[in-house]
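Structure record follows, encoded as structure tokens.
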Amino acid sequence: MKFLPKSRLFQGIAFLAASFLGFALLSFVVGKLLVFMPEPIGSRSSLFVEGAKITLLITLYSAVFGLIVGVLLGLARGSPRPWLRLPALIYIWLIRGTPVLVQILFVFYALPELVPQLQLDEFWAAAIALGLNVGAYNAEVIRAGIQAVPPGQSEAARSLGLSNVKTLRWIVLPQAIRIVVPPLVNNVVALLKDSSLASTIGLLELSLAGQRISSETFLPVPVLTTVALLYLTYTTAITLVTWMLERAMRLKAHV
Amino acid sequence: MSEKLLSIRGLQKHYGAFHVLRGIDLELGAGEVICVVGPSGSGKSSLIRSINQLEPYQAGEIHLYGKLIDPARDVDRLRQEIGMVFQSFNLFPHLTVMENLTLAPMQVRGLSQAEAEARATDLLKRVNILEQKDKYPSKLSGGQQQRVAIARALAMDPKIMLFDEPTSALDPEMISEVLNVMKDLARSGMTMIVVTHEMGFAREVADRVVFMDGGRIVEQATPDEFFRDPKHPRSKLFLSQILQR
């Protein structure tokens, strides 16, 4: 971290920490509010809260995993070297060409048959399957973002004697980030919703919790409405955070 | 004969079927200022972009201090010795003016931030733009951006400066502020190759004018000879066309 201005690094970390805190606070408030809801919600609020927690955690883990996969694949996908580009291309083709539900089922049921060491529990099977899935979509976003940085930027950096890696690190990626943040967050919003598919392998996340309460109480309307509103609350919160982040980044360098 | 700083021998370049450079030989001594002129498409830009390996060439040799440059191995070292100024400035929009100047010296030369900033401050003073050091490039005029770009290239302490039509993207009233900085630089003894359409600048500053057409160097002469009495019919035609305006 020799060059990055400390203040900007600090701002980034502070923003991330504030976002996490905001989400924790939001979850806490939502949990408290659910208790005061009329039957059948109030008495079963803890099950909703537990489900929402699993949904958020699985989204967090698979989003981080998917970001790492996406950056690596995106770089490989845009590489001039065929031995990097081709595997990335095949991976993206496979993942985007098959349903995410099948991928979750595959990681949970089929993978342990093929590789006995990979016997994952429901949570990690779903987190990894979702991460691998969103990674493929992120890769395309990141490749497009890198290509959107004008070639003159790399030329200028290279003409100053910066190596390829340093050019990427200091010039191309920082500019690509501003371009890719909105579509990447869209992917996270999609991920949060897709995490409901993990209910098929028996992971008790928000939608499975809703299904259970609904069939237990025979009151699908209030229960499933609550479930939908909880998803909506979180997706809206994510979108709001990004909107703030975009604004902050744009104000610094441009306008 | 004294050792030439840069010598180019038999440089050939193709863009697919298009033969851009058809065997260029050019020598450059320390402190010399060469202006490369000629119609568009004549290969001027390709020539200077080949010199610091921004574009590959298919045949020919480039020697720096008498040492043959291997395009596969010496690229980063070569580029540290050669500064480049682009037509479209290419400042880094996400970095302040000061950061634009300090990035490469810190990342490539390993200077400390204090050293790099001290050097950058001197250079920004020299191009007369120090008061803008904390702004982002988008807040500056074209002329100011190009002066920052010149300072950024100088921050690496290059032996040669290449200018690729540095004033072609500028509004007319900003051209002279950039040319003045370049004149100062030439007077200070910097070795320069300038691709330009500014004939006044070439006449005043160049030690030698190189006229290119169709991927070849058609004529090389002192500015006095070239502008007063061009030898080649192509040079005559070019000058008559450009001076009519």
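Note on the stretch A:134-166: residues that are of a type in the set (S, T, N, Q), in a helix (DSSP H, G or I) and within 14 Å of chain B (Cβ to nearest Cβ) total 4.
Within the stretch B:102-119, if we keep just the residues that are closer than 10 Å to A:Leu160 by Cβ and surrounded by 20 or more Cβ atoms within 10 Å (Cβ to Cβ), the residue that is farthest from the other protein chains (Cβ to nearest Cβ) turns out to be B:Pro105.
I'd like to know if the stretch A:62-76 contains one or more residues that are loosely packed, with under 12 Cβ neighbours inside 10 Å and in a helix (DSSP H, G or I).
First pass over the stretch A:62-76, keeping only residues loosely packed, with under 12 Cβ neighbours inside 10 Å: none.
So far as the stretch A:62-76 goes, no, none of its residues is loosely packed, with under 12 Cβ neighbours inside 10 Å and in a helix (DSSP H, G or I).
Criterion applied to A:Arg212, A:Arg178 was being among the basic types (Lys, Arg), under 23 Å from the mean Cα position of the chain (by Cα) and in a helix (DSSP H, G or I), and the one residue passing it is A:Arg178.
Scan the stretch B:26-34 and tell me whether some residue there is of a type outside the set (A, V, I, L, M, F, W, C), crowded, with 18+ Cβ neighbours inside 10 Å and at positive phi.
Step one: filter the stretch B:26-34 for residues of a type outside the set (A, V, I, L, M, F, W, C), giving B:27, B:29, B:31-32.
Cutting the leftovers down to crowded, with 18+ Cβ neighbours inside 10 Å gives us B:32.
Now drop any that are not at positive phi, which leaves none.
Within the stretch B:26-34 (the criterion being of a type outside the set (A, V, I, L, M, F, W, C), crowded, with 18+ Cβ neighbours inside 10 Å and at positive phi), the answer is no, since none of the residues qualifies.
As for the stretch B:40-56, it holds at least one residue that is away from chain A (no Cβ under 14 Å) and without any contact (Cβ under 8 Å) to a residue 60 or more places away in the chain.
Restricting the stretch A:119-133 to residues that are open to solvent by less than 10 Å² (accessible area, probe 1.4 Å) and of a type in the set (A, V, I, L, M, F, W, C), the residue that is nearest to the chain's Cα centre (by Cα) is A:Leu130. B:Gln87 passes every criterion in (1) more than 17 Å from the chain's Cα centre (by Cα); (2) modelled with pLDDT of 90 or more; (3) surrounded by fewer than 23 Cβ atoms within 10 Å (Cβ to Cβ) apart from (1). Annotation note: of B:Ala206, B:Ala221, the sole residue that is within 17 Å of B:Glu32 (Cα to Cα), in contact with a helix residue (DSSP H, G or I) (Cβ under 6 Å, 6 or more places away or on another chain) and surrounded by 13 or more Cβ atoms within 10 Å (Cβ to Cβ) is B:Ala206. The single condition among (1) over 26 Å from A:Ala17 (Cα atoms); (2) surrounded by fewer than 21 Cβ atoms within 10 Å (Cβ to Cβ) that A:Thr236 does not meet is (1). Is it fair to say A:Arg169 is open to solvent by 20 Å² or more (accessible area, probe 1.4 Å) and within 14 Å of chain B (Cβ to nearest Cβ)? Judged against the criteria, A:Arg169 is a match.
The values are calculated or read from the model by the stated rules, or taken from the named source; none is laboratory data. Because the structure is predicted, anything quoted here is derived from the model rather than measured. Neighbour counts run over all protein chains shown; Cβ positions are idealised from the backbone, glycine included. Just the protein is used for accessible areas: all its heavy atoms, side chains included, with ligands, DNA and RNA removed. Shrake-Rupley method; radii C 1.70, N 1.55, O 1.52, S 1.80 Å.
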